[in-house]
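Have a look at the structure below before the remarks.
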Amino acid sequence: MNPYLKQYKQTQMDTAPKEEILLMLYDGAVRFLNLAKEGFAEKNIEKQHNNIVKVQNIITEFETSLDREAGGEFAQNLLNLYEFMSNQLFIANVKKDEQALDIVIKHMTALRDTWREAIKNFKKAGNTLNSNDLDKYDHMQTQEYTDEDDDEDESSIGEYIV
């Protein structure tokens, strides 16, 4: 990948409000799910696999970012949904089960749309997550880009934005 594009993506991640990063990750997950679906239609196993793995990495980021203590039952329910989707992605990838992928597309799209609406309402009320003292997701803002974060490392959040 072009090093300038990588630097642009990293800058985008470093300067975006946290709620925008969340939406970018959900948008990326939905996009990669649809690309995996195309892989099924094209019988392109590599396309299926690569895009499913990208979504699994995004879900892992969501899971590790959850503050279960502050989020209580809501956070636990969200974690359960993420684990369910991860399991379905595993089935879709290993067993080449397109129905399992369709289940994840349905849930991930609904989650994205729900978060988008919640953030819109949150902003309408004059709030921002950047000023929220309870926000525990600073690690997403402080992640640094290094040259070691080349194409081989797809665990970087920036890989899922553009």
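The values are calculated or read from the model by the stated rules, or taken from the named source; none is laboratory data. For clarity, every value in this text was computed on a predicted model and none was experimentally measured. All Cβ positions, even for glycine, are placed from backbone atoms using ideal geometry, and neighbour counts span all protein chains on display.
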Candidates Met13, Met1, filtered to the one that is farther than 20 Å from Met108 by Cα, assigned to a loop (DSSP other than H, G, I, E, B) and modelled with pLDDT under 95: Met1
Residue check for Ala36: more than 26 Å from Lys124 (Cα to Cα), surrounded by fewer than 16 Cβ atoms within 10 Å (Cβ to Cβ) and among the small types (Gly, Ala, Ser): no
Filtered residues of region 22-77 (kept if basic (Lys, Arg), closer than 19 Å to Ala110 by Cβ and free of Cβ contacts under 8 Å to residues at least 40 places away in the same chain): Arg31
Qualifying residue in region 79-101 (condition: in contact (Cβ under 8 Å) with a residue 60 or more places away in the chain and of a type in the set (S, T, N, Q)): no
Only one of Val55, Val94, Val30 that is more than 30 Å from Phe122 (Cβ to Cβ), at pLDDT 95 or above, assigned to a helix (DSSP H, G or I) and of a type in the set (Val, Ile, Thr): Val94
Which numbered condition Leu66 fails, given (1) at pLDDT below 95; (2) under 17 Å from Ile103 (Cβ atoms): (2)
Residue that is farthest from the chain's Cα centre (by Cα) [pool: residues in region 66-117 that are within 18 Å of Leu22 (Cβ to Cβ) and among the basic types (Lys, Arg)]: Arg68
When residues of region 97-139 are limited to those that are in contact with a Pro (Cβ under 8 Å, 6 or more places away or on another chain) and in a helix (DSSP H, G or I), the one modelled with the lowest pLDDT: Asn130
Subset of region 76-111 (residues that are surrounded by 15 or more Cβ atoms within 10 Å (Cβ to Cβ) and of a type in the set (Gly, Ala, Ser)): Ser86, Ala92, Ala100
